[in-house]
Amino acid sequence: MEEQLFGTSLRITTGNNNNNNNSGTVSKRESVYCQQFQQYAHQLDAVNEKRERIVKASRDVTTSSKKVIFQIHRINRANRGAALQQAERDLHAVQSIHVRRVAQELKANETWKYKRAFSPGMQEFVEAATTLEFCKTGKLLTLQQLNASLSHLKDVSDAPFSISTGDYLLGVADLTGELMRLAISGVAAGQREVAIAVCGFVQALYKGFSQLPNTVDIRGMPKKMDLMLQSLIKIENTCYAVHVRGLEYPEDMIVNALEHEEIDSDQEA
Amino acid sequence: MEEQFAEFRVELDETGSVYEQLRIIAASLDSFIRLMQAALMPIHHCSFPQVKEKVKGYMSDLCGLYAQLAHVIKDKPGQYYRYHDLWRNQTSTVVFVLAFLHWLDTGGLLTHTETEALLNLDPAVFGIDLEDYLIGLCSFSNELPRYVVNRVTAGDYNCPKEVSTFLGDLYTAFRTLNLRNDHLRKRFDGIKYDLKKVEEVLYDVKIRGLLNGPSLQATATGHESNVATSHQ
């Protein structure tokens, strides 16, 4: 138990909380409220320790999800089949190991109490899952589909664990950033159609997001929407560059130009 | 994709309206608490019986407001913490007012469970978060140095000793908590300073020999008879 020595006028003795700490007489009377507060201490300890465990699990979900995303970026025409399969396996591992750890801490009525502890991890996981799905099928993995794949993870009361709408939306907002990178690297690899497919997809996403009401409940949504628009603009500029200059120049020159533009606009920002 | 977003629109509309419902009740709660707190503040210069009646007069409406919150939450089991920020500060203030009142009445500390009972709350549906309760106690502690100073000015020289003992006990009890470096920890640190100020007043009174002498106006203000000397 922590204790801080506080000046000389108070004369608090450290350690043993049986010492009364007032007016010079060191009587050995225990505070009448100690017993009551022992109960409070137990309750607080349980909450804090659980929260810490959840935060740790959430961080592991984040790191392992990021690894899946990095792998997806390394996919090229040569290794596509094998790489996708590997990413699939890794994503499943994230779910069955780390997301499970989060699920196992939560009782039915506690999801919202510890939300802030595991939200970032869930968002990253959604980002990884939806990125992989787009690479495989070109479609958006829906929340329903995602939660169906998680339904085997049970919480303390044996109810299936599910990701909330808010976390899903925030994760999908992050997805657009990854798609932007995929579009640009697709062009570099000579696959202009990737950029075009991504463009249409993200435009539809942005439209969907713009029509959502009442996101006051979802922390950080306005900022994510901003970033989403920035990503969309970059994707659209990529398609433009490919279209306009593609008539004249080969791919690598276009990509160089795009990268220079990115650096310029980042410096302006 | 559009289908999913259409479903989200419906869902977010619904949660948005629940949020709005609760926000409105919490806003009423907020202004009500301020009234209640204002009714308690004259304790620094008036007699307790006067103040007590006025503050207790607010209780049934206060219970009504919490009942309204509970009614909305009842339909949404497990979502107390989803909207908790809406009533977090108000609840801490309520605990502060009730704990102070209770101490003026009995000299004792109002417990977490007793607070919930006073407000007619069923913890299984809508209770008081333990941290909110503890922070309310810290606010109560913050009020005591000022109270003691004013009581001594009014001639009640026993007050410092009573408060010093009470606050010392409260502080000792708080020390049994394993606090993380968060908001509660900072508020808990404040109790030390409150205790220090009260002990300074006690010192002033003691060295002037006022402690064992006659208290001039204590009986006139009626405070002494109301605070039970529960220790020693």
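General remarks:
- Taking segment B:137-232 and the helices (runs of 4 or more DSSP H) fully enclosed by it, the elements with 1 or more residues that are modelled with pLDDT under 95, surrounded by fewer than 19 Cβ atoms within 10 Å (Cβ to Cβ) and within 11 Å of chain A (Cβ to nearest Cβ) are at B:183-207.
- Residue in segment A:122-156 that is nearest to A:V102 (Cα to Cα), counting only those that are of a type in the set (V, I, T) and without any contact (Cβ under 8 Å) to a residue 40 or more places away in the chain: A:T142
- Failed criterion for B:S60 (all others in (1) without any contact (Cβ under 8 Å) to a residue 40 or more places away in the chain; (2) facing another protein chain (nearest Cβ under 9 Å); (3) of a type outside the set (A, V, I, L, M, F, W, C) hold): (2)
- Of all residues in segment A:97-129 being crowded, with 21+ Cβ neighbours inside 10 Å, at pLDDT 95 or above and more than 14 Å from chain B (Cβ to nearest Cβ), the one that is nearest to A:I163 (Cα to Cα): A:M122
- Residue pairs meeting the criteria (Cβ under 6 Å; at least 6 apart or on separate chains; first more than 9 Å from every other protein chain (Cβ to nearest Cβ), in segment B:1-30; second open to solvent by 50 Å² or more (accessible area, probe 1.4 Å)): B:I25/B:Q68
- Of the residues examined, A:L247 is not one that is at pLDDT 90 or above and not assigned by TED's automatic domain parsing to the domain that holds A:L132.
- In segment A:157-190, the residues that are in contact (Cβ under 8 Å) with a residue 60 or more places away in the chain, open to solvent by 20 Å² or more (accessible area, probe 1.4 Å) and in a loop (DSSP other than H, G, I, E, B): A:A189, A:G190
- Checked against the criterion of being under 18 Å from B:C138 (Cβ atoms) and either of a type in the set (A, V, I, L, M) or open to solvent by 60 Å² or more (accessible area, probe 1.4 Å) (or both), the candidates B:V55, B:V95 yield just one match: B:V95.
- Each residue in segment A:233-243 was checked for being of a type in the set (A, V, I, L, M) and either outside any helix (DSSP H, G or I) or open to solvent by less than 10 Å² (accessible area, probe 1.4 Å) (or both), and 2 pass.
- Residue in segment A:84-103 that is touching a Gly at 6+ places or on another chain (Cβ under 9 Å) and among the polar types (S, T, N, Q) present: no
- Residues located in segment B:113-133, provided they are in a helix (DSSP H, G or I) and either away from every other protein chain (no Cβ under 14 Å) or surrounded by fewer than 22 Cβ atoms within 10 Å (Cβ to Cβ) (or both): B:T113, B:E114, B:E116, B:A117, B:L118, B:L130, B:E131
- Restricting segment B:1-52 to residues that are β-branched (V, I, T) and more than 27 Å from A:K139 (Cβ to Cβ), the residue that is surrounded by the fewest Cβ atoms within 10 Å (Cβ to Cβ): B:I24
- Scan of segment A:191-229 for residues that are open to solvent by 20 Å² or more (accessible area, probe 1.4 Å), more than 30 Å from B:Q21 (Cβ to Cβ) and more than 14 Å from chain B (Cβ to nearest Cβ), ordered by number: A:Q191, A:R192, A:E193, A:V194, A:I196, A:L227, A:L229
- Residues in segment A:53-87 that are among the charged types (D, E, K, R) and either touching a residue at least 60 places away in the same chain (Cβ under 8 Å) or surrounded by fewer than 13 Cβ atoms within 10 Å (Cβ to Cβ) (or both): A:R59, A:D60, A:K66, A:R74, A:R77, A:R80.
The values are calculated or read from the model by the stated rules, or taken from the named source; none is laboratory data. Keep in mind that this is a model prediction, so the values were computed, not measured. Every residue, glycine among them, receives a Cβ derived from its backbone with ideal geometry; neighbour counts consider all protein chains shown. The area values use the complete protein model at the heavy-atom level, side chains included, leaving out ligands, DNA and RNA. Shrake-Rupley method; radii C 1.70, N 1.55, O 1.52, S 1.80 Å.
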